[in-house]
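Worksheet: the structure to be examined is printed underneath.
The values are calculated or read from the model by the stated rules, or taken from the named source; none is laboratory data. All values derive from a computational prediction rather than experimental measurement. As a convention, Cβ positions derive from the backbone with ideal geometry for all residues, glycine included, and neighbour counts pool all protein chains shown. We work out accessible area using only protein heavy atoms, side chains counted, and drop any ligands, DNA or RNA first. Shrake-Rupley method; radii C 1.70, N 1.55, O 1.52, S 1.80 Å.
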Amino acid sequence: MSLKSERRGIHVDQSELLCKKGCGYYGNPAWQGFCSKCWREEYHKARQKQIQEDWELAERLQREEEEAFASSQSSQGAQSLTFSKFEEKKTNEKTRKVTTVKKFFSASSRVGAKKAEIQEAKAPSPSINRQTSIETDRVSKEFIEFLKTFHKTGQEIYKQTKLFLEAMHYKRDLSIEEQSECTQDFYQNVAERMQTRGKVPPERVEKIMDQIEKYIMTRLYKYVFCPETTDDEKKDLAIQKRIRALHWVTPQMLCVPVNEEIPEVSDMVVKAITDIIEMDSKRVPRDKLACITKCSKHIFNAIKITKNEPASADDFLPTLIYIVLKGNPPRLQSNIQYITRFCNPSRLMTGEDGYYFTNLCCAVAFIEKLDAQSLNLSQEDFDRYMSGQTSPRKQESENWSPDACLGVKQMYKNLDLLSQLNERQERIMNEAKKLEKDLIDWTDGIAKEVQDIVEKYPLEIRPPNQSVAAIDSENVENDKLPPPLQPQVYAG
Amino acid sequence: MSQTAMSETYDFLFKFLVIGNAGTGKSCLLHQFIEKKFKDDSNHTIGVEFGSKIINVGGKYVKLQIWDTAGQERFRSVTRSYYRGAAGALLVYDITSRETYNALTNWLTDARMLASQNIVIILCGNKKDLDTDREVTFLEASRFAQENELMFLETSALTGENVEEAFVQCARKILNKIESGELDPERMGSGIQYGDAALRQLRSPRRAQAPSAQECGC
């Protein structure tokens, strides 16, 4: 490269454009001067080394773990178990060796294969790898600690779990459904064996199963969450896009019985949204379910406060749909699929968690199918809203900007109130003017009416003295009248 | 029975659904049924939408786990996942609303199509207390129930009349089906789980003595 610096102008030497490895293809600065093919090879050499180092580290940790486990077990003083312990250790060592070989083998078999690209995309940097392996180690330690409290049964479970994980390693190339089936079988077998052989009471079986699920799924998560062999990712993107396109849906359209004006309720709504978004960050199916349950509980509280009575399923489902629309939780479909495939089935079919999970599935199905009719809108309105030409109402900005902070929301609200006030003031002014005019009209009208009546019936006043003097004036023959009768006295 | 004094011990667990139009009082029925248990329990936090209760049916302790469902027409097409693994269902209509009665056929179709074949359904004409506003006669509804092979009761979530009865009758019929062998709790999706390991061994020695040896890797 330094030679080229002598060159002037913008002339670019042909050789500079070519791949550094000299394979004849053109290179690219983004690939450090290699062509895409050579770059992939180079990159993978480096990555493979990294992976190898990581494996070695993991192996070492695992060995330490197992030793710690074994030593703590023996220090608990189960003398009669020493021989079996020795046996187990031996088998453990054997299996570990086997695994190591297998792991290397399968890892290297992928190099150069088409999967290379996928791998690249999946594990972008070794530091993330390391971080997850730290978490995995933490979970393993906890698992071992937990099993210690069960003595012999604990050992047995540990062995089974290890075997299962190893078996799953081979099955990584199988379809996700088959892997899911294996996991479900494993859950069932372990639980059964504990009950029948170990005589563990059911409540404890449940507890142990939770721990087993946590342990194995923390380890398997990387390989079975949103695997490339499925179209989960495509579905994720589709639903995400769909929810974005439905940003205009209001609580009124869904008949959501939640009044966000009440601060306590809007607080609950925010919490519910946070919970459902948090689901993606969990690795164990049970933890994901717990997020859904927490979200649902908040929804119920929000409804309860708004309606002042306990909520029913008729209220709950629309509200959950509204929360999902508002939150647009990341990788929704992947999470649902992952839970369906790898959660302990007894938990999913019954129990509170299962109930809320089912409701979430219904909500997602509704969002996927949603049309004008399901929102009580006309087809034209629906189409217009979907295409973004108009939004259903003015307060749209207030309700549908998830990024807006509280202040901005308040501002929108205040602006809205101000404009309403303005409108009302104008109306009052108009009315007042009208009233004024009415009053004027009224007085005018009255005056006119009075005038009319006055004109119609003119007042004729006769002179009063004339009529008094004339009372008897017409009696001309007054004198001719007989004299008035006189009273007479009768004697006898 | 190996029952101890523990309240959580039970022989079977059934998943029940409450279906029917919105406003027929599904949640109230559930509430009325569950509340009795929780009456004295001051820190009862479970919402009414989901509840469980252990009842004694002919000497067997059955834990009912009841799922309330959304009844609005617009959700009908998406609520199919509710039905998975339900052992029994209360199909509710409102005796004062012809509309809710007319919708029964649709609900029944869904239930028969989406739930397991052996689902036991009891028809509940709710709001029995509002007899003066009645729009659906007892006779008409019981004929409908007969034609569709449903059990039938008129209930009142307000007074509590026949509420427990409805759940118990449904559970009893499921138990009968299990005893007669018509229903196999071991089958996936039956909506029935065993509550007690001891009972399970008793019922199916085949499973107990052979915990899938082929899968045992040790």
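Taken residue by residue and averaged, Cβ atoms of other chains lying within 10 Å of the Cβ of A:195-205 number 3. Averaged over the residues of A:304-316, the number of partner chain Cβ atoms lying within 10 Å of the residue Cβ comes to 6. What's the long-distance tail for segment A:231-390, i.e. % of Cα pairs beyond 19 Å? The share of Cα pairs beyond 19 Å in segment A:231-390 comes to 54 percent.
Counting only Cα atoms, I'd like the Rg/Rh figure for segment A:320-388, Kirkwood definition for Rh.
For segment A:320-388, the value is 1.10.
Using a 1.4 angstrom probe on the protein heavy atoms only, could you order B:Lys177, A:Lys20, A:Lys294 from most to least accessible area?
If we order B:Lys177, A:Lys20, A:Lys294 from most to least accessible, we get A:Lys20, A:Lys294, B:Lys177.
If you average the sequence gap of Cα pairs under 8 Å that are 6 or more apart and divide by the length of segment B:10-197, what percent do you get for the contact order? 29 percent.
Averaging the sequence gap over all C-alpha pairs within less than 8 Å and six or more residues apart, then dividing by the number of residues, gives segment A:231-390 a relative contact order of 30 percent. Counting only residues at least eight positions apart within a chain, or on another chain, the aspartates and glutamates with an alpha carbon under 15 Å from that of A:Lys45 are A:Glu53, A:Asp54, A:Glu117, A:Glu120. When nucleic acids and ligands are ignored and a 1.4 Å probe is applied, B:Glu164 ends up with an accessible area of around 60 Å².
Put simply, the Cα atoms of segment B:10-197 extend 50, 40, 32 Å along their principal axes, the longest span coming first.
For segment A:134-224, the Kirkwood estimate of the hydrodynamic radius, built from every pair of different alpha carbons, is 13.5 Å.
Taking 0.36 nm per residue of separation and subtracting the Cα-Cα distance, full extension of the segment from A:Glu455 to A:Leu418 would add 7.8 nm.
Averaged across B:63-73, how many Cβ atoms of other chains sit within 10 Å of each residue's Cβ atom? Can you show the working numbers first?
Numbers: counts 1, 0, 6, 1, 7, 8, 9, 13, 4, 7, 2.
Counting Cβ atoms of other protein chains within 10 Å of each residue's Cβ and averaging gives 5.
Measuring against 21 Å, Cα to Cα, the residue pairs A:Lys162/A:Lys214; A:Lys152/A:Lys207; A:Lys207/A:Lys288 contain no pair spanning a longer distance.
Shown for segment B:10-197: lysine pairs separated by 8 or more places, or found on different chains, whose C-alpha atoms are under 12 Å apart, numbering 6.
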